[in-house]
Structures are given as C-alpha cells and as structure tokens.
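Below you'll find the structure, written out as structure tokens, and then a few comments.
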Amino acid sequence: MSNYTHLLLAVDFSATNRHVIRKGLALAEAFGARVSLIHVVEFAQVDLSNELVMPQELELDQELLALAESRLQALAEEHGMSEYARHVRQGSTKREILHLAGEQGVDLIVLGSHGRSGLQLLLGSTANAVLHGAPCDVLAVRVKS
Ligand code: AMP
C-alpha cells in the first residue's frame, strides 16, 4: 500500500462527518500524513438574462461563504484539527474537491459514502462523482445512517 502524505477530508456538516473525520485522522496518524479539510458551498449566482447581478445576491454569497468558514472552523476545533488547512470553496462540489486535490498534491481524498442525499443509492452522488474523476486514491467511508 502506498504511503499517503496528504489527506483531504471532504465535509458537508451532516451527521456523517464524524465517520469521515475519525477515519481520516486515524489514517493520517498511521501514515504520518498531513490533513486538509474542504467544504464546498454549492450556491452559485445564476444570471441567465446576462443582466447585472443584484448586490443582494452578492451579499448572500458572501454571507453563505462566511457562515461556512465559521462552521468549518468550529468543526475543526471540535475534532482537534485547528492547525490543519481549511478550504471553503464555492461551486460544484465534485469539481472543487478534485481541483483542490490536484492543486494541493493530495494523494488520498476521504469522504462519506453518503451524506445529506441519504442512502437511496449504493454510493452517494458526491462519492460516485469524485471517484470517477479523481487524480488520486479515494476512500468512501461507509456510512450506515
Ligand atoms: P452525498 O453525495 O450528499 O451523499 O455526500 C457524500 C459525501 O460527500 C459526504 O459525506 C461528504 O464527505 C462529501 N460532501 C458532500 N457534499 C459536500 C460539500 N458540499 N462539501 C464537501 N464535501 C461534501
């Protein structure tokens, strides 16, 4: 098995995150790897009419990003990960996770087999999408409920 050096833990603030974090931290300790966290804010301004984006929409974007920053910080503190790199990105979850992984030289992405979207599918949509496009190994931590 390869010796992982940089793990990226993808969190969506659902109850499943504790599984992802516990498994990620255990692996990081075993490999002596560094750990980064990512949360993606999916909200994106839609400007189908090509008109100017309203200031209120820009403010909402900024508020959602700021809220995500503080939730990610709180989650990191709760799990003793305050010193680890945190990334809040905006856009498509799959694309942003893959982009950050490539940019940061991540060699293992850790995420939940299921998150907010529930257990309808064998593998949740984010895990499935990341698995298919990843430049590195992906660990989909089995989430039962
Ligand atoms: P889902 O596709 O909703 O079943 O989510 C599966 C897993 O993907 C979650 O347990 C998280 O690890 C990750 N994930 C889902 N949404 C996000 C997000 N917005 N930002 C970061 N990771 C996410």
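The values are calculated or read from the model by the stated rules, or taken from the named source; none is laboratory data. Predicted, not measured: the structure shown is a model, and the values here were computed from it. We place every Cβ from the backbone using ideal geometry, glycine too, and count neighbours over all the protein chains shown.
A single entry from 96, 103 fulfils the requirement of being modelled with pLDDT of 95 or more, in a helix (DSSP H, G or I) and more than 18 Å from residue 140 (Cα to Cα): 103. Do we find that residue 59 is of a type outside the set (Gly, Ala, Ser), farther than 15 Å from residue 140 by Cα, at pLDDT 95 or above and not in a loop (DSSP other than H, G, I, E, B) in this structure? Judged against the criteria, residue 59 is not a match. Taking region 83-117 as the range and being among the charged types (D, E, K, R), free of Cβ contacts under 8 Å to residues at least 40 places away in the same chain and surrounded by 14 or more Cβ atoms within 10 Å (Cβ to Cβ) as the test, the residues that pass are 94, 95.
Scanning region 118-145 for residues that are farther than 15 Å from residue 9 by Cα, modelled with pLDDT under 90 and buried (at least 17 other Cβ atoms within 10 Å of the Cβ) returns a single hit, 124.
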